[in-house]
1. Within segment 50-65, how many residues turn out to be surrounded by 18 or more Cβ atoms within 10 Å (Cβ to Cβ), more than 12 Å from residue 33 (Cα to Cα) and among the hydroxyl-bearing types (Ser, Thr, Tyr)?
2. Do we have any residue at all in segment 67-74 that's touching a Leu at 6+ places or on another chain (Cβ under 6 Å), modelled with pLDDT of 95 or more and surrounded by 16 or more Cβ atoms within 10 Å (Cβ to Cβ)?
3. Let me confirm something: among 91, 111, 126, 145, which residue is small (Gly, Ala, Ser), touching a Leu at 6+ places or on another chain (Cβ under 7 Å) and surrounded by fewer than 24 Cβ atoms within 10 Å (Cβ to Cβ)?
4. Since residue 104 meets every condition but one in (1) over 11 Å from the mean Cα position of the chain (by Cα); (2) basic (Lys, Arg); (3) crowded, with 18+ Cβ neighbours inside 10 Å, which condition does it not meet?
5. Of the numbered conditions (1) of a type in the set (A, V, I, L, M); (2) in contact with a helix residue (DSSP H, G or I) (Cβ under 7 Å, 6 or more places away or on another chain); (3) part of a loop (DSSP other than H, G, I, E, B), residue 32 satisfies every one except a single condition; which is it?
6. Of all residues in segment 31-49, how many are among the aromatic types (Phe, Trp, Tyr) and surrounded by fewer than 22 Cβ atoms within 10 Å (Cβ to Cβ)?
7. Is it fair to say residue 23 is more than 19 Å from residue 100 (Cα to Cα) and at pLDDT 95 or above?
Amino acid sequence: MKNIRIKKITNDQLSGLIENKGNYLDLSFYAITGYSFINLELESLMIHNSSLFNCDFSSSNLSDGIFSNTTVINGRFNHATLIKVEMYECSFTCAQFDNAKLIRSMIMKTSFKEASFKNADLHSASFIKCDLTNVIFDGANIKDSQFEDCLLEGTSWLNVEK
């Protein structure tokens, strides 16, 4: 088995990557701490085998992006647009997706322990084999969404739109 090396990146280095991204940004194999991605256009963002700590993606557009084998701790995605995002084998701990749009997103084998999706739009999203332990979906739109083989212990579904 091949060793995977994760590179630490400074905020200045990351800012340079984002400024010169063109139509594509690949943040794979990075450890990123405390970066503000607020209000950025990051469509088709690729994040593989990375670790994100205390990063804020609020009000950003991450549509058509792919997250795989990535750990996110205390990430904020409030009011973000994540339409048709794919998430595979990730871990989002204490992440906030309040008022976010995850319409038609595909999420598989991903953990969202103690995350919040309050008032999020999850219309036609698929959660397959996910850990949704203690997740808050209060007020979310889950119309035509699929929750298949998910752990739902302590999950809150108050006032969801079905």
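The values are calculated or read from the model by the stated rules, or taken from the named source; none is laboratory data. Every value quoted in this text rests on a predicted model; they were computed, and no experiment measured them. Methodologically, a virtual Cβ is constructed for each residue, glycine included, from the backbone with ideal geometry; neighbour enumeration extends over all protein chains shown.
1. 3
2. Here is the first cut: in segment 67-74, the ones touching a Leu at 6+ places or on another chain (Cβ under 6 Å) are 72.
From what's left, modelled with pLDDT of 95 or more: 72.
Pick out the ones that are also surrounded by 16 or more Cβ atoms within 10 Å (Cβ to Cβ) and you get 72.
Looking for residues that are touching a Leu at 6+ places or on another chain (Cβ under 6 Å), modelled with pLDDT of 95 or more and surrounded by 16 or more Cβ atoms within 10 Å (Cβ to Cβ), one finds at least one in segment 67-74, hence yes.
3. Working: 91 fails: touching a Leu at 6+ places or on another chain (Cβ under 7 Å); 111 fails: touching a Leu at 6+ places or on another chain (Cβ under 7 Å); 126 fails: touching a Leu at 6+ places or on another chain (Cβ under 7 Å).
Among 91, 111, 126, 145, only 145 is small (Gly, Ala, Ser), touching a Leu at 6+ places or on another chain (Cβ under 7 Å) and surrounded by fewer than 24 Cβ atoms within 10 Å (Cβ to Cβ).
4. (3)
5. Tallying (1) of a type in the set (A, V, I, L, M); (2) in contact with a helix residue (DSSP H, G or I) (Cβ under 7 Å, 6 or more places away or on another chain); (3) part of a loop (DSSP other than H, G, I, E, B), residue 32 fails exactly one: (3).
6. Keep residues of segment 31-49 that are among the aromatic types (Phe, Trp, Tyr), which gives 35, 37.
Now restrict to residues that are surrounded by fewer than 22 Cβ atoms within 10 Å (Cβ to Cβ): 35.
Of the residues in that region, 1 qualify.
7. Details: more than 19 Å from residue 100 (Cα to Cα): yes; at pLDDT 95 or above: no.
When the stated conditions are applied, residue 23 does not pass them.
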